[in-house]
1. Step by step: first the residues of region 1-17, then only those that are among the aliphatic types (A, V, I, L, M) and outside any helix (DSSP H, G or I), then the one that is surrounded by the fewest Cβ atoms within 10 Å (Cβ to Cβ). Which residue is that?
2. Checking Glu20 against (1) without any contact (Cβ under 8 Å) to a residue 40 or more places away in the chain; (2) buried (at least 19 other Cβ atoms within 10 Å of the Cβ), which single condition isn't satisfied?
3. How about region 44-63: which of its residues are modelled with pLDDT under 75 and either more than 19 Å from Lys12 (Cα to Cα) or among the small types (Gly, Ala, Ser) (or both)?
4. Between residues in region 37-52 that are in a helix (DSSP H, G or I) and residues that are of a type in the set (Val, Ile, Thr) and surrounded by 19 or more Cβ atoms within 10 Å (Cβ to Cβ), which pairs lie under 8 Å by C-beta distance while being six or more apart or on different chains?
Amino acid sequence: MTVSQKLRAALKSSQMKSYEIANSVGLDPSPMSSLICGNARPKTGDCRVVEIERVLGIAPKGYFEDDELLAAQVASCVKGVEL
């Protein structure tokens, strides 16, 4: 399952609209739509996806294949600094 497919599934089970999630993580709805539709292909630990997961209450590993840099990337996203 791709990141976009997993995000779509999580959004369907959420009571929030995608634009509400986008606003809550500081994204414009357009990039949020690109992530959901699969037009954007985020790298492992992409801060946008990490923040969306946080809002949806999903663990970051749920969307990315195992990668030894994931923990460091997620930690940097939480601090607001991209690697």
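1. Per the criteria, the residue is Met1.
2. Condition (2) is where Glu20 drops out.
3. Matches in region 44-63: Thr44, Gly45, Ala59, Lys61, Gly62.
4. Val49/Val3; Val50/Val74; Ile52/Ile21
The values are calculated or read from the model by the stated rules, or taken from the named source; none is laboratory data. Quick caveat, the model's predicted, so the values are computed rather than measured. A quick note on method: Cβ atoms are made from the backbone with ideal geometry, for glycine too, and the neighbour counts reach across all protein chains shown.
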